[in-house]
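Shown next, in structure tokens, is the structure this report addresses.
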Amino acid sequence: MKKLFPDATSALDGLLHDGMMIAAGGFGLCGIPERLIDAVVESGVSGLTVASNNAGIDNEGLGKLLRTKQIAKMISSYVGENKEFERQFLAGELEVEFCPQGTLAERMRAGGAGIPGFYTRTGFGTEVAEGKETKRFDGPNGELDYVLEHGIFADLAIVKAWKADETGNLVFRKTARNFNLPAATCGKVCVVEVEEIVPTGSLDPDHIHLPGVYVQRMIVGAPYDKKIEFVTTRTRETA
Amino acid sequence: MPWTRDEMAAPAAKELEDGFYVNLGIGIPTLVANHVPAGIEVTLQSENGMLGIGPFPYEGEEDADLINAGKQTISELDRSAYFDSAQSFAMIRGGHIDLTVLGAMEVAQNGDIANWMIPGKMIKGMGGAMDLVAGVKKIIVVMEHTSKNGTPKFIPECSLPLTGKNVVDMIVTDLCVFQRPDHDSPFRLVEMAPGVTAEEIAEKTTARYVS
């Protein structure tokens, strides 16, 4: 079965519908599936629920889907650095479910692993736990209360990887792995954009980060002009 | 004289032990990295998926795929390791990180911490703070002793929505250090900035503590 598609629009063909839930990889602007986001914008699909750690910045990443008001609800841990998001949120046009970062990652991992719920200590006694079931367990730190959180089962996962072979085995690069790996596993269908497709057999099977079983469709998104939110450097000491 | 931001990082750094894996929050907590005692090896964790954070890169060597949790460009070390976000928080939640230093808007006398939202203001989100305070072995808060208008921040009970319940082990302010041996004990005043008196601390603190 051929997983490689010529472009993002064809890779998403038949997968998009109004009101669907999309899980997206990336942390800030690092490792975001930008070609696929562009194609979702172009498709005009709306009423989306998007599970993603962040919401991009104005006109970058998921910020593009916010500008066009295609997102109805975000499930995120941190949404700073986004004026349009703030405007829609304060105007009541956008629903936001704040989810602790580790809980969000685990909800995606759990969803992908077929686990509908799990208990975590994170958020116990805070607003995040309001309305959720709690249960006392004898854990590593003695008897404590834990909060029931639900796995995420998304209709579609859109992620970015560094390299893939033709069968969809993926390798990520540095901190661009982030939410891309758990997000990829929790979609009914996972579409991946990569910087490079390499011939099957050229990746060391011991060095695959995510096996191709999770990947249904792929595109090559290169060339990328990767954005950096905050450039921080040190000066080289001159001899 | 109150401690400067950089001096506030020093008491927190004294808690570091050889071999510790540590997560430092954004702001003053980041400065703790500059005070690691000599002869001690500490590995810094970045919750976006890295152990072994290196210094900022040299100009021209910035890599968009290599950032810290504050989205700043960083570099890697020879012992660095990368992993995904689920793995990152598995090590945090699972108690494998020894110590974290983070900022706060309020800390209560029972160790509750509030640092993620002010009702009525734009909420940015808790990021990884709730996971860190719930899972890391030792929690150190570094914050100004009072807010800009002089309101105490170490108080009987938090007025803001909580980030974690009964989780804080140590508080470093610009005036002093409070510490407690376990989560059932009250905080004790253990150190003061030069020239700061116990009376001044008492005046600017509404939380109950042992002096």
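The values are calculated or read from the model by the stated rules, or taken from the named source; none is laboratory data. Please read all numbers here as calculations on a predicted model, not as lab measurements. Note: ideal-geometry Cβ built from the backbone for every residue, glycine included; neighbour counts use all protein chains shown. The accessibility values were calculated without ligands, DNA or RNA, using every heavy atom of the protein model including side chains. Shrake-Rupley method; radii C 1.70, N 1.55, O 1.52, S 1.80 Å.
Laid out as a table, the results:
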| item | result |
| --- | --- |
| Only one of A:226, A:135, A:174 that is at positive phi, among the charged types (D, E, K, R) and either open to solvent by less than 70 Å² (accessible area, probe 1.4 Å) or out of contact with any Pro (no Cβ under 7 Å at 6 or more places or on another chain) (or both) | A:174 |
| Pick from segment B:129-163, criterion part of a loop (DSSP other than H, G, I, E, B), of a type in the set (D, E, K, R) and farther than 19 Å from residue B:8 by Cβ, ranking: most open to solvent (accessible area, probe 1.4 Å) | B:157 |
| Pairs, first within 11 Å of residue A:100 (Cα to Cα) in segment B:129-141, second part of a helix (DSSP H, G or I) and open to solvent by less than 20 Å² (accessible area, probe 1.4 Å), C-beta under 7 Å, six or more apart | B:130/A:128; B:131/A:101; B:131/A:102; B:131/A:103; B:131/B:89; B:131/B:92; B:132/B:92 |
| Flag if residue B:95 is surrounded by 20 or more Cβ atoms within 10 Å (Cβ to Cβ) and either under 30 Å from residue B:207 (Cα atoms) or not aromatic (Phe, Trp, Tyr) (or both) | no |
| The one condition in (1) within 11 Å of chain A (Cβ to nearest Cβ); (2) touching a Lys or Arg at 6+ places or on another chain (Cβ under 8 Å) that residue B:100 fails to fulfil | (1) |
| Residue check, residue A:86 among the charged types (D, E, K, R), out of contact with any Lys or Arg (no Cβ under 7 Å at 6 or more places or on another chain), part of a helix (DSSP H, G or I) and open to solvent by less than 50 Å² (accessible area, probe 1.4 Å) | no |
| Residue that is farthest from the chain's Cα centre (by Cα), among those in segment B:69-92 that are closer than 19 Å to residue B:9 by Cβ and crowded, with 22+ Cβ neighbours inside 10 Å | B:74 |
| Condition broken by residue B:39, with the remaining ones in (1) open to solvent by less than 40 Å² (accessible area, probe 1.4 Å); (2) among the small types (Gly, Ala, Ser); (3) over 24 Å from residue B:169 (Cα atoms) satisfied | (1) |
| Residue that is most open to solvent (accessible area, probe 1.4 Å), among those in segment B:19-35 that are over 19 Å from residue B:81 (Cβ atoms) and not in a helix (DSSP H, G or I) | B:26 |
| Some residue of segment A:148-157 being facing chain B (nearest Cβ under 10 Å), under 21 Å from the mean Cα position of the chain (by Cα), crowded, with 21+ Cβ neighbours inside 10 Å and in contact (Cβ under 8 Å) with a residue 40 or more places away in the chain | no |
| Residues located in segment A:30-53, provided they are among the polar types (S, T, N, Q), within 19 Å of residue A:104 (Cβ to Cβ) and open to solvent by 10 Å² or more (accessible area, probe 1.4 Å) | A:49 |
| Count - residues of segment B:98-114 that are open to solvent by 60 Å² or more (accessible area, probe 1.4 Å) and either in contact with a helix residue (DSSP H, G or I) (Cβ under 7 Å, 6 or more places away or on another chain) or part of a helix (DSSP H, G or I) (or both) | 0 |
| Pair list, Cβ under 6 Å, 6 or more apart: segment A:80-102 residue under 21 Å from residue A:180 (Cβ atoms), other residue open to solvent by less than 10 Å² (accessible area, probe 1.4 Å) and in a strand (DSSP E or B) | A:97/A:75; A:99/A:75 |
| Number of the condition not met by residue A:27 [criteria: (1) open to solvent by 30 Å² or more (accessible area, probe 1.4 Å); (2) aromatic (Phe, Trp, Tyr); (3) within 12 Å of chain B (Cβ to nearest Cβ)] | (1) |
| Residue in segment B:46-68 that is most open to solvent (accessible area, probe 1.4 Å), counting only those that are farther than 20 Å from residue A:179 by Cβ and at the interface with chain A (Cβ under 7 Å from one of its Cβ atoms) | B:59 |
